[in-house]
Amino acid sequence: MVYNLITFCLLFIIIFIIDYFFIKRKYVKKTKRKKKKKNELMEITYLVNKFKLDKDKLPMNKLVIFISLINALIISSVASIIFLLKINIIWQLLIGFILLLALIYAMYELLGKVLERRGYKKNGI
């Protein structure tokens, strides 16, 4: 049990650091360049479109950190659960895929609801 907890923590920290620097670098590069076509992070675009959020009001620096935390939590949770299962590899992959999709949907739904309650919703809608 301790081994699984240590594995989860190490995976979480490593994935968070890698994800944060890739997302942050990608976001900073795209905001510094002045292109006609705006490329945004897929997670932010999903949240803005689904929950009708005002992109200008969103605290982007904090949001990038939360997105990295959510991604690290999802990936390390699924990996830890799959490592615990001692079943056939096909079943592990199937359970992992279903769990991954469920956690992505649930975590980003929670983040969107929190952002809505904090008042980042577009006015007039």
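Just a few scattered comments:
- In the condition set (1) open to solvent by less than 40 Å² (accessible area, probe 1.4 Å); (2) within 17 Å of Y20 (Cα to Cα), Q92 is compliant with all but (2).
- Here G119 fulfils each of the conditions (1) farther than 21 Å from L10 by Cα; (2) open to solvent by less than 50 Å² (accessible area, probe 1.4 Å); (3) in contact with a helix residue (DSSP H, G or I) (Cβ under 8 Å, 6 or more places away or on another chain) apart from (3).
- Verdict on L85 being over 17 Å from T7 (Cα atoms) and of a type outside the set (S, T, Y): no
- Odd one out for C9 among (1) modelled with pLDDT of 90 or more; (2) closer than 29 Å to K122 by Cβ: (2)
The values are calculated or read from the model by the stated rules, or taken from the named source; none is laboratory data. Quick caveat, the model's predicted, so the values are computed rather than measured. Every residue, glycine as well, gets a Cβ built from its backbone with ideal geometry; the counts of neighbours run over all protein chains shown. Just the protein is used for accessible areas: all its heavy atoms, side chains included, with ligands, DNA and RNA removed. Shrake-Rupley method; radii C 1.70, N 1.55, O 1.52, S 1.80 Å.
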